[in-house]
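Shown next, in structure tokens, is the structure this report addresses.
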């Protein structure tokens, strides 16, 4: 018999003392939606009893509220720009003890090697990290990524116990038309009884039925209560997302009721490091939900047991016998004021800080050499147009990853588009950076509000080519060329001079540096943005990174050109 199993049963039966007993706390009972005053007995990191127990060690909770550890149901760790080790330092003090990560960002750059890097570096961190395998690398055939992953490439990863299933299936046309490559991925996941995440942006009615019939059970792309209700009535789990670029939680809250709340959970999806530090993670989602009228018990259920049940994590999400002792001790329920965080009975974070340090991560050479741009000239980035022509324009919506497809008159000079500060019409470009093909997608974007300079980054969902926006061609050209110099990352340019840059040496997406150092770099970026005239209330780099994602309505730009999501085709910039 397993000795640990035997010890737990003996402690549960009070034949032996538990390893740890936490007394005088008020437990959030996620099953009944109550607060209960009981002691918690823990042995070998597992809760063995709720009630009157003796422990080898005793902790006095002093009336604090005890919640199960929070679970982020869908997150791209790469969006925090740090490794899993540093990511754990960021989120665990915020009560997050488990995350479901989809490494499709690094997979789009480095394929299987990128996935393996994430799995390997997640194994020895003080955070439960599970993975969903990237289903769409590349996201669509309308762009060029750094890798292409088949069902055969993904199959070996299912043997790893941290892999729960197939990640967000964003290529809906391939599902609808039963594309053979997509069918093989879906069939393999279903055959192995693995979970499958959805990505049903703009999909409703009968097409949504196809998703469900394929075994896809979640969606984090709802932006209206009507969309959320449509998914709930079909048996899907609805993920209420509150990230950096996409902030949909408050708009979706009206759909949540006592009757359907158990099918709802919180996710961050993509959240920048500075936002994680300033706002928090799932703790912020709980606080925001309660502040906007959601019953606190429902909010804590959504952050814990709902997410655990969604992904079949049978020992996560509750403070009850047989569950892992992943616990959050709170000073106050509604403001989610966190005092201590335990993972498997071990105190990991206290008063906003992790108590351990993360190991140094060695970056494989193949992940540190990923920016391969073909040389280009000013002539290569011109958009032909007569003066006063009409153009298809990408109009950003602050704090949303969807865009509007606008049609406006534009200015031309010598037969080429001229950015207009008065009309807030800037040039946007996407450069293929994986294999030096030289392909460049050009477009016009409205909503950034810059008055000078240019910005560029290698974070460009999901193929992660170089994306840049500029008020003039010389600054735009300088910004793009800086990506080669720094090995990928973020840069702000004015008058062909670098105002600030943040190197991201791991696939152009992350750095092995400490999270606080990265945050300092982001502050320098923010100051530089002010110098080029940015005054918006959204994150311009995060917004820019999603303008290259051709599976999110309405109009986007890939390295192959301007893309109309509704008809799933490239269109001309100038009509």
>> Suppose the filter is at pLDDT below 95 and either farther than 30 Å from residue 489 by Cβ or crowded, with 19+ Cβ neighbours inside 10 Å (or both); does residue 67 pass it?
In response: no
>> Against the definition (at pLDDT below 95 and within 25 Å of the chain's Cα centre (by Cα)), how does residue 399 come out, yes or no?
In response: yes
> Based on what the data block shows, is residue 120 farther than 30 Å from residue 14 by Cβ, more than 18 Å from the chain's Cα centre (by Cα) and at pLDDT 95 or above?
Replying inline: yes
> Which number in (1) closer than 30 Å to residue 105 by Cα; (2) surrounded by 22 or more Cβ atoms within 10 Å (Cβ to Cβ) marks the one condition that residue 405 misses?
Replying inline: (2)
> Got a number for residues in the stretch 418-450 being more than 27 Å from the chain's Cα centre (by Cα) and either at pLDDT below 95 or assigned to a loop (DSSP other than H, G, I, E, B) (or both)?
Replying inline: 10
>> Looking at the stretch 369-400 only, could you name the residues that are out of contact with any strand residue (DSSP E or B) (no Cβ under 9 Å at 6 or more places or on another chain), in a loop (DSSP other than H, G, I, E, B) and closer than 25 Å to residue 540 by Cα?
In response: 372, 398
> Can you name every residue in the stretch 1-17 that is surrounded by 17 or more Cβ atoms within 10 Å (Cβ to Cβ) and within 38 Å of the chain's Cα centre (by Cα)?
Replying inline: 8
>> So in the stretch 236-248, with the set limited to residues that are at pLDDT 95 or above and out of contact with any helix residue (DSSP H, G or I) (no Cβ under 6 Å at 6 or more places or on another chain), which one is farthest from residue 200 (Cα to Cα)?
In response: 241
>> Looking at the stretch 529-552, I want the residues that are at negative phi and have a partner that is assigned to a helix (DSSP H, G or I) and crowded, with 19+ Cβ neighbours inside 10 Å with Cβ atoms under 6 Å, at least 6 apart or on another chain. Which pairs are those?
In response: 534/540
> Do you know which residues across the stretch 520-559 are surrounded by fewer than 21 Cβ atoms within 10 Å (Cβ to Cβ) and under 26 Å from residue 171 (Cα atoms)?
Replying inline: 553, 554
> In this structure, does residue 33 turn out to be more than 29 Å from residue 4 (Cα to Cα), touching a residue at least 60 places away in the same chain (Cβ under 8 Å) and not assigned by TED's automatic domain parsing to the domain that holds residue 221?
Replying inline: yes
>> Among the residues of the stretch 23-37, what is the count of those that are crowded, with 18+ Cβ neighbours inside 10 Å and outside any strand (DSSP E or B)?
In response: 1
> Looking at 498, 491, which one is touching a helix residue (DSSP H, G or I) at 6+ places or on another chain (Cβ under 9 Å) and buried (at least 22 other Cβ atoms within 10 Å of the Cβ)?
Replying inline: 491
> What's the number of the condition residue 90 fails, among (1) more than 23 Å from residue 299 (Cβ to Cβ); (2) in a helix (DSSP H, G or I)?
Replying inline: (1)
> Of the residues 150, 162, which single one is closer than 26 Å to residue 465 by Cβ, in contact with a helix residue (DSSP H, G or I) (Cβ under 7 Å, 6 or more places away or on another chain) and either modelled with pLDDT under 95 or surrounded by fewer than 16 Cβ atoms within 10 Å (Cβ to Cβ) (or both)?
Replying inline: 150
>> I'm trying to understand the selection: among the residues of the stretch 351-368, which are touching a residue at least 40 places away in the same chain (Cβ under 8 Å) and either surrounded by 13 or more Cβ atoms within 10 Å (Cβ to Cβ) or not in a loop (DSSP other than H, G, I, E, B) (or both)?
In response: 353, 354, 356, 358, 361, 363, 364, 366, 367, 368
> In the stretch 45-63, what count of residues is obtained for those that are surrounded by fewer than 19 Cβ atoms within 10 Å (Cβ to Cβ) and either in contact with a helix residue (DSSP H, G or I) (Cβ under 8 Å, 6 or more places away or on another chain) or part of a strand (DSSP E or B) (or both)?
Replying inline: 6
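The values are calculated or read from the model by the stated rules, or taken from the named source; none is laboratory data. Source: prediction; values computed, not measured. Reconstructed Cβ throughout: ideal geometry from the backbone, glycine too, with neighbour counts over all protein chains shown.
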